[in-house]
Amino acid sequence: MQCRRFGGGTMNRFPARIRHNTFNECSPMKIHEYQARDLLRNGGVPVPGGDMVTTIDGVTQTAKRLFDEGASIVVVKAQVHAGGRGKAGFVKVVSSVEAATDAASFMLGNAMVSPQTPPEGLTVTQLLVAEGVDIERELYVAITTDRMRRTNTLIASAEGGVEIEQVAHARPEAILTVPMHPLDGLRPFQATDLAFKLGLKGKQVRQFTTICLRLAKVFLESDASLAELNPLVITPPSEGYPDGQVVAIDAKFNFDDNAMYRQKAIAACFDPTAEDPNELRANEVGLSFVALEGNIGCLVNGAGLAMSTMDIIKLHGGEPANFLDVGGDASQEAVTEAFRIILGEPDCKGVLVNIFGGIMQCDRIAHAIVAAAEEVGFTVPLVVRLEGTNVEAARAVLAEAAQRLPTMQAATDIEDAAAKVCAAVL
Ligand code: GDP
Ligand code: MN
């Protein structure tokens, strides 16, 4: 998998807040749990039935139908692109239609905050209402790419559920990994061996093995970068399943963006309401935007320059509000849109433009600065450092427009630029 935004490979050098946005594989294509459940079901992995609904009425009706069909419990789950829902109170197991309706009114329209969401949380507009299951054991099973080993890898733990992060942190030996052969994929004996290591018994072993093999097939065929079942549960013994049934009751999938051209069904699952609106706007014109928590908007070209720009801002006591990477060949219109996005951020108290023009022509940036000044106006300090291709022409453009850019200061180099913008916003 290649990271489009950063060219890949440099992820671990990023500050944690950026990794949160990017390592999550650089905002990979994500789908909701209800969509992931469909994908699994179509791939032959047992998943309880249910429906996605967007209204309280819809929850009431679906819960009623599930109870009428014989469910003894129903689960109401927020559909947002973040985990930690159980602990945040956004997964509710209920045993009456009334309780399902109550859970829906608690969740719908409200923001869910968990360690995996931004601080302000994610607003819940979609709910999954599904048949609930009784749980005897919760396992963790996932497939992802191990970049060190350069293979897809099956990961499992006997201690699945909402504490898996703590388990992985405190007792890494409780997480088992099974590298998958690059050509042959997951082999049946590997999955069976894993079943025994997880302590599965009797008919559970065959069920588990089949699920792992089918999960591996779905993973490959859908160009996934992550397929996670947490928990994969074992139900108590029942008539049809004397050793219990192995069922997936949560599913998280990420996909390789670059494969979406051949994954139409998955691409169609894209939910723009789950994305940061500014990141979407930027993506539409071919730019990369990452929102951060500070107050200095950064317009740069190239991820490496973006990283060093942010480092040097921090070194001077400032905090970046975002970084907007205009890349190498953005049009003037795209760069103007970049300024609209940056200036539209209420927290933005200053803007630093740091361009080292190689392919990008500095005069294009200068024209975009002037266009943004005319259209939106720079009421906040603007510090501009331009270097490289067509820099003389760019300086001429800016000099001519100087009157329309009263808050602009020119900087001689990156150090000077960072010092000036930090002084201006403090
Ligand atoms: P997450 O917290 O966002 O990962 O949401 P999950 O779907 O994994 O649900 C969190 C926890 O809720 C699970 O680990 C289970 O313990 C519990 N849970 C979810 N669905 C059911 C269900 O159908 N029956 C029971 N008994 N518990 C459930
Ligand atoms: Mn889960």
Checklist entry - Asp184 versus (1) modelled with pLDDT of 95 or more; (2) over 17 Å from Ala158 (Cβ atoms); (3) more than 25 Å from the chain's Cα centre (by Cα): which is the lone unmet condition? => result (1)
Item to check | Conditions (1) under 27 Å from Thr192 (Cα atoms); (2) within 15 Å of the chain's Cα centre (by Cα): number failed by Glu275 | outcome: (1)
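Residues checked against (1) more than 16 Å from ligand 1 (Cβ to nearest atom); (2) part of a helix (DSSP H, G or I); (3) farther than 19 Å from Leu39 by Cβ:
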{"site": "Thr177", "(1), (2), (3)": "yes, no, yes"}
{"site": "Leu183", "(1), (2), (3)": "yes, no, yes"}
{"site": "Ala195", "(1), (2), (3)": "yes, yes, yes"}
{"site": "Arg206", "(1), (2), (3)": "yes, yes, yes"}
{"site": "Tyr241", "(1), (2), (3)": "no, no, yes"}
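For the stretch 301-326, give me each residue that is of a type in the set (D, E, K, R) and surrounded by 18 or more Cβ atoms within 10 Å (Cβ to Cβ). Give the steps one after another, and end with the answer.
Initial filter on the stretch 301-326 (of a type in the set (D, E, K, R)): 311, 314, 319, 325.
The one that is of a type in the set (D, E, K, R) and surrounded by 18 or more Cβ atoms within 10 Å (Cβ to Cβ): Asp325.
Could you tell me whether any residue of the stretch 390-404 is part of a strand (DSSP E or B), out of contact with any Asp or Glu (no Cβ under 7 Å at 6 or more places or on another chain) and of a type outside the set (S, T, N, Q)?
no
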Next on the checklist: Against the definition (more than 9 Å from ligand 1 (Cβ to nearest atom) and either of a type in the set (S, T, N, Q) or at pLDDT 95 or above (or both)), how does Ala130 come out, yes or no?
Outcome noted: no
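If we scan the stretch 214-229, do we find a residue that is more than 21 Å from Thr145 (Cβ to Cβ), touching a helix residue (DSSP H, G or I) at 6+ places or on another chain (Cβ under 9 Å) and of a type outside the set (Val, Ile, Thr)? Reasoning before the result, please.
Initial filter on the stretch 214-229 (more than 21 Å from Thr145 (Cβ to Cβ)): none.
Looking for residues that are more than 21 Å from Thr145 (Cβ to Cβ), touching a helix residue (DSSP H, G or I) at 6+ places or on another chain (Cβ under 9 Å) and of a type outside the set (Val, Ile, Thr), one finds none in the stretch 214-229, hence no.
Give, as residue ranges, the strands (runs of 3 or more DSSP E) completely inside the stretch 44-139 that count at least 3 residues that are more than 15 Å from ligand 2 (Cβ to nearest atom) and within 30 Å of Lys217 (Cα to Cα). Spell out the reasoning first.
Values: elements: 50-53, 74-78, 91-94, 127-131.
Result: 50-53, 127-131.
Would you pick out the residues in the stretch 80-93 that are touching a residue at least 24 places away in the same chain (Cβ under 8 Å), near ligand 1 (Cβ under 10 Å from one of its atoms) and surrounded by fewer than 23 Cβ atoms within 10 Å (Cβ to Cβ)?
First pass over the stretch 80-93, keeping only residues touching a residue at least 24 places away in the same chain (Cβ under 8 Å): 80-88, 90, 93.
Applying the additional criterion that residues be near ligand 1 (Cβ under 10 Å from one of its atoms) yields 80, 82-88, 90, 93.
Listed by number, the residues that qualify are Ala82, Gly83, Gly84, Gly86, Lys87, Ala88, Val93.
For (1) assigned to a helix (DSSP H, G or I); (2) at pLDDT 95 or above; (3) closer than 23 Å to Glu337 by Cβ, each residue gets a yes or a no:
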site	(1), (2), (3)
Leu215	yes, yes, no
Glu228	no, yes, no
Ala265	yes, yes, no
Glu279	yes, no, yes
Checklist entry - Which numbered condition trips up Ala156, out of (1) of a type outside the set (S, T, N, Q); (2) within 30 Å of Asp68 (Cβ to Cβ); (3) touching a helix residue (DSSP H, G or I) at 6+ places or on another chain (Cβ under 9 Å)? => result (2)
Checklist entry - If you go through the stretch 212-229 one residue at a time, how many are within 16 Å of ligand 2 (Cβ to nearest atom) and surrounded by 21 or more Cβ atoms within 10 Å (Cβ to Cβ)? => result 4
Next on the checklist: Of everything in the stretch 411-426, what is buried (at least 17 other Cβ atoms within 10 Å of the Cβ) and without any contact (Cβ under 8 Å) to a residue 40 or more places away in the chain? Give them in sequence order.
Outcome noted: Ala411, Lys420
Item to check | Evaluation of Val233 against (1) outside any helix (DSSP H, G or I); (2) surrounded by 15 or more Cβ atoms within 10 Å (Cβ to Cβ); (3) touching a helix residue (DSSP H, G or I) at 6+ places or on another chain (Cβ under 9 Å) (one fails), failing number | outcome: (3)
Checklist entry - What do you reckon, is Met360 assigned to a loop (DSSP other than H, G, I, E, B) and touching a residue at least 40 places away in the same chain (Cβ under 8 Å)? => result yes
Checklist outcome for this item: Of (1) in contact with a helix residue (DSSP H, G or I) (Cβ under 9 Å, 6 or more places away or on another chain); (2) among the hydrophobic types (A, V, I, L, M, F, W, C); (3) within 9 Å of ligand 1 (Cβ to nearest atom), Ile135 satisfies every one except (1)
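The values are calculated or read from the model by the stated rules, or taken from the named source; none is laboratory data. In this text, all values refer to a predicted model and were calculated from it rather than measured experimentally. So basically every Cβ, Gly included, is an ideal-geometry build from the backbone, and we count neighbours across all protein chains shown.
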